[in-house]
1. Specify the residue that is nearest to residue 179 (Cα to Cα); the eligible residues are those in region 189-207 that are open to solvent by less than 50 Å² (accessible area, probe 1.4 Å) and not in a strand (DSSP E or B).
2. For region 15-51, give me the residue count where each residue is without any contact (Cβ under 8 Å) to a residue 60 or more places away in the chain and not in a loop (DSSP other than H, G, I, E, B).
3. Any chance region 157-165 includes a residue that's within 16 Å of the ligand (Cβ to nearest atom) and among the aliphatic types (A, V, I, L, M)?
4. Answer yes or no as to whether residue 148 is hydroxyl-bearing (Ser, Thr, Tyr), within 19 Å of residue 186 (Cβ to Cβ) and in a loop (DSSP other than H, G, I, E, B).
5. Could you list, in sequence order, all residues of region 106-135 that are out of contact with any Gly (no Cβ under 7 Å at 6 or more places or on another chain) and either surrounded by fewer than 19 Cβ atoms within 10 Å (Cβ to Cβ) or in a loop (DSSP other than H, G, I, E, B) (or both)?
6. Could you pull out the residue among 142, 154 that is surrounded by fewer than 20 Cβ atoms within 10 Å (Cβ to Cβ) and at negative phi?
7. Hey, could you check region 267-285 for residues that are among the charged types (D, E, K, R) and either open to solvent by less than 10 Å² (accessible area, probe 1.4 Å) or within 17 Å of residue 48 (Cβ to Cβ) (or both) and say which is nearest to the ligand (Cβ to nearest atom)?
8. Go through (1) modelled with pLDDT of 95 or more; (2) within 16 Å of the ligand (Cβ to nearest atom); (3) open to solvent by 10 Å² or more (accessible area, probe 1.4 Å) for residue 225 and report which single condition fails.
Amino acid sequence: MAKVLNGKSIPNIPWEEKPANCKDVCWRSSLNPILTRDDIEDANSLFNSSVVAFNGEFRGIFRCDKTDLKPLLHKGKSKDGIHWEIEDEPFKFANDIDGMPYEYGYDPRICELDGKYYIIWCTNTNSGDATIGLAWTEDFENIYRMEYPFLPYNRNGSLFPRKINGYYHMLSRPMSPAFSDCGSIYDSASKDLEFWGHHRCVMKPTTGWQSIKVGSGPTPIETDEGWLLIYHAVKKTCNGYCYYAGAAILDLEDPTKVLYRSKKYILSPRELYECVGDVNNVVFPCAALCDKDTGRISIYYGAADTVVGIAHTTVDDLIEFIKKNS
Ligand code: BMA
């Protein structure tokens, strides 16, 4: 088995064996969708959300659009990773920073780093334009805001769970508001999580299911084969965009270097709850629990911008698939 480095033991990871007739690298939870609008009061949709293992339980940050359709983030707790108690009201930050009004928040990721949990999401700047928000918590009670890492327009930030050669690293997807049919994954580095630089392109769109945009997903998983990166990718059709999940392996000591990148997607919109919703044909991964002892992975993804699903795989299955199809 490929070794998971610096990971956590998660014996209660909500994972299921692969169904006997399944030939895919990822298989869906039999309980999908695990979260719907019924899990929050007055919700229109509950989707692209992120979870982590926390003191033998699970904690999460959830994107909910209430019936005014304003996207905001909610906290949630769970003992099994499937059944969640999600707060009906969006959370407020424990601190205010001058010039950083908080009007909207969506597509959170969570990264455990240096004993804290960092939350990375898409938020407004004081102009209203979108960029990446960063905050930290130790207990999922008090959440402290930090400075915006990047200028607008930027989204889809994923932080690496340790320093690499003395620098923190974050993947993000800068974008052009005038031409939204493009988007590449960039890596940026920082000494202090406040000032970011050394920006480098890691991955551009290619063809087929990843021909228009690519954006990083869950916190990358560290293995002895490299950083396992799960990302989302977009194709444009006569019916609009379709969102897929792909996977790649980045160099452990230089995450701007792509070692392998699968030409085939690992998850596509197929089930009714992925194909039909507020935005049809979307799978959008935001978190991946990985049990370091067994290599079991549970990917949490938003489906059709309406509900949350889980897909399972293992570190070995994913690495083998990426290498074979690179
Ligand atoms: C992206 C983001 C995601 C959403 C996706 C599909 O641009 O807005 O929140 O899931 O589009 O609509």
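1. Among residues in region 189-207 that are open to solvent by less than 50 Å² (accessible area, probe 1.4 Å) and not in a strand (DSSP E or B), the one nearest to residue 179 (Cα to Cα) is 205.
2. 3
3. Among the residues of region 157-165, not one is within 16 Å of the ligand (Cβ to nearest atom) and among the aliphatic types (A, V, I, L, M), which makes the answer no.
4. Yes: the conditions hold for residue 148.
5. Correct list: 112, 113, 114, 115, 116, 124, 125, 127, 128, 129, 130.
6. Checking each option against the conditions leaves just 142.
7. Only one residue tops the list, namely 278.
8. With respect to (1) modelled with pLDDT of 95 or more; (2) within 16 Å of the ligand (Cβ to nearest atom); (3) open to solvent by 10 Å² or more (accessible area, probe 1.4 Å), residue 225 is out only on (2).
The values are calculated or read from the model by the stated rules, or taken from the named source; none is laboratory data. The shown structure was predicted, so the numbers you read here are calculated from the model rather than taken from an experiment. Note: ideal-geometry Cβ built from the backbone for every residue, glycine included; neighbour counts use all protein chains shown. Note: areas computed on protein heavy atoms with side chains; ligands, DNA, RNA excluded. Shrake-Rupley method; radii C 1.70, N 1.55, O 1.52, S 1.80 Å.
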